[in-house]
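The block underneath contains the structure these notes are about, expressed in structure tokens.
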Amino acid sequence: MTTPHAVISGASIAGLSTAWWLRHIGWDVTVIERAPAFRDGGQNVDVRGVAREVLDRMGLTEAIRSRNTTETGTVLVDADGRVTSELPSDGPDGATAELEVLRGDFARVVLEDLPAGVAFVYGETIDDVDDPAGDDGTDRVTLTTTSGRVLHADLFVIAEGVRSRTRDLVFDQADDVDPRRLGVTMAFGTIPRTPSDDDRWRWHNAVGGRQVHLRPDPYGTTRAILAFTSGEGLAGAARDEALPVLRDRYAGAGWETARVLDGFAASDDVYVDDLTQIRMRRWHRGRTVVVGDAAWCVTPMGGGGASLALTGGYVLAAALSSRGTDVPSRLDLDAAFGGFERWMRPLVDQIQGIPKGIVRFAFPQTRLGLAVRGLADKVLLSPALRPVAARFTQVADTDVPLPQIHSHVG
């Protein structure tokens, strides 16, 4: 009996979860990652809803808990840093989740728990995908990397980011992929911690559709975010290119803005993105399937991206495990991919359904709009309505049981 082989492009949470679960059901796995080495760092992510059950099944809940960011709650502050409202953070799915962790720490926990049988190729990307349909139903996909390396696989998983180039090699960009920009830009970075920082996520709204966020981390530094309504198209801009735009955009924003901008100027991990949802008509084609942000990016405004990434790896492996341990035919994969999509799509659609007008509400442009937003916050976050407000942070949750997975590794 030949062991089936999967190639996964992308070594963040979606790719590593898929690798973990595919190896669990008996597949050989090769992971291709464009970075020259594993990428630590990154901003806050969390484990919510059904993803907590997936993490439990991996036996990694306590490992993630031990990497907690140290954040204990979420507050809104005015230009003087005074707390004006507090978001619900009680329970596992509050604004600050029970399992709150940095992206790199989350990914490393999964990486370090991968069983033997998962190989890594760093510093390369997929340059060509040849996925012909064979007459015997046991054809393979042939992948060529930028270095000329050739790999043959029974399954190809694209687990890259929102702007996946590999996805665009396989799927029709006009018919299959629908990128939807939300009109919001976010700049992320790590800055020095000061005595004024505490263990809460502090969030300031300023006129002109601008937000400033400061969040604690477990490394003695502070994670900062500048979020604003934008049409600049700064996604992927280098720090030195983005900083003049950010300084101009945030002139007069107040609170800790100057500190954040000065911190970004000296930070080596500044990352800028224009928030874009990805909606795909289908997540599979031939022997190729897309998971994580490349398939369904929900953006930080939707929340739950890491939870969907972790869950997607499990659900895909569960669908494949129901087909047995032999090398799957194209028909086997079609059936497995269909089961994967039927289970995952309702969860993704729920998070991607951001209400109309939410950007206008979240990013007030005028002093009047800011005052109305502040009043609405006080009402929505009052003790009487806190249970209602808490529902907005309960994402990636479902009453549908996780599909059963069949392990074929002793």
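The values are calculated or read from the model by the stated rules, or taken from the named source; none is laboratory data. Note that the structure is predicted; figures quoted are calculated from it, not measured. Note that each Cβ is placed from the backbone with ideal geometry, even for glycine, and that neighbours are counted across all protein chains shown. Ligands, DNA and RNA are stripped out before the accessible areas are found, and what is left, the full protein with its side chains, is counted by its heavy atoms. Shrake-Rupley method; radii C 1.70, N 1.55, O 1.52, S 1.80 Å.
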Flagged in region 250-260 as crowded, with 21+ Cβ neighbours inside 10 Å and part of a helix (DSSP H, G or I), in numbering order, are Thr257, Val260
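Please enumerate the residues belonging to region 158-175 that are assigned to a loop (DSSP other than H, G, I, E, B), closer than 22 Å to Pro132 by Cα and modelled with pLDDT of 95 or more. Even if it seems obvious, please write down each step before you answer.
So in region 158-175, the residues assigned to a loop (DSSP other than H, G, I, E, B) come out as 159-164, 171-175.
Next, only the ones that are closer than 22 Å to Pro132 by Cα stay: 159, 164, 171-175.
Scanning region 158-175 gives Ala159, Ser164, Phe171.
Within region 44-67, work out how many residues are assigned to a loop (DSSP other than H, G, I, E, B) and open to solvent by less than 30 Å² (accessible area, probe 1.4 Å).
Keep residues of region 44-67 that are assigned to a loop (DSSP other than H, G, I, E, B), which gives 47-50, 59-60, 66-67.
Applying the additional criterion that residues be open to solvent by less than 30 Å² (accessible area, probe 1.4 Å) yields 47-50, 60.
Qualifying residue count for the region: 5.
Let's see how each residue does on (1) in contact with a strand residue (DSSP E or B) (Cβ under 6 Å, 6 or more places away or on another chain); (2) under 26 Å from Gly94 (Cβ atoms):
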{"site": "Gly208", "(1), (2)": "no, no"}
{"site": "Gln211", "(1), (2)": "yes, yes"}
{"site": "Arg215", "(1), (2)": "yes, yes"}
{"site": "Pro218", "(1), (2)": "no, yes"}
{"site": "Trp255", "(1), (2)": "yes, yes"}
Exactly one of Leu370, Leu331, Leu310 is open to solvent by less than 30 Å² (accessible area, probe 1.4 Å), in contact (Cβ under 8 Å) with a residue 40 or more places away in the chain and aliphatic (A, V, I, L, M), and that residue is Leu310
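Inspect region 212-233 for any residue being open to solvent by less than 30 Å² (accessible area, probe 1.4 Å), among the acidic types (Asp, Glu) and at pLDDT 95 or above and give the result as yes or no. Break it down into steps so the answer makes sense when it comes.
Of all residues in region 212-233, those open to solvent by less than 30 Å² (accessible area, probe 1.4 Å) come to 212-217, 222-230.
Now drop any that are not among the acidic types (Asp, Glu), which leaves 217.
Now drop any that are not at pLDDT 95 or above, which leaves 217.
For region 212-233, residues open to solvent by less than 30 Å² (accessible area, probe 1.4 Å), among the acidic types (Asp, Glu) and at pLDDT 95 or above: present.
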Of the conditions (1) outside any strand (DSSP E or B); (2) open to solvent by 50 Å² or more (accessible area, probe 1.4 Å); (3) free of Cβ contacts under 8 Å to residues at least 24 places away in the same chain, the single one that Asp127 does not satisfy is (1)
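Limited to region 69-108, what total is found for residues that are part of a strand (DSSP E or B) and either among the aliphatic types (A, V, I, L, M) or crowded, with 20+ Cβ neighbours inside 10 Å (or both)?
Filtering region 69-108 for residues part of a strand (DSSP E or B) gives 73-77, 83-87, 100-102.
Narrowing the set further to residues that are either among the aliphatic types (A, V, I, L, M) or crowded, with 20+ Cβ neighbours inside 10 Å (or both) leaves 74-77, 83, 87, 100-102.
Within region 69-108, residues that are part of a strand (DSSP E or B) and either among the aliphatic types (A, V, I, L, M) or crowded, with 20+ Cβ neighbours inside 10 Å (or both) number 9.
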Checked against (1) at negative phi; (2) open to solvent by less than 50 Å² (accessible area, probe 1.4 Å), Ser147 satisfies every condition except (2)
Expected output for region 277-291 (first residue assigned to a loop (DSSP other than H, G, I, E, B) and open to solvent by less than 10 Å² (accessible area, probe 1.4 Å), partner modelled with pLDDT of 95 or more and not hydrophobic (A, V, I, L, M, F, W, C), Cβ below 7 Å, 6+ apart or cross-chain) is Trp283/Glu341; Arg287/Asp154; Val291/Thr18; Val291/Gly312; Val291/Gly313
- Assess whether Arg181 counts as being at pLDDT 95 or above, within 20 Å of the chain's Cα centre (by Cα) and open to solvent by 30 Å² or more (accessible area, probe 1.4 Å). no
The number of residues in region 380-399 that are at pLDDT 85 or above and open to solvent by 80 Å² or more (accessible area, probe 1.4 Å) is 1
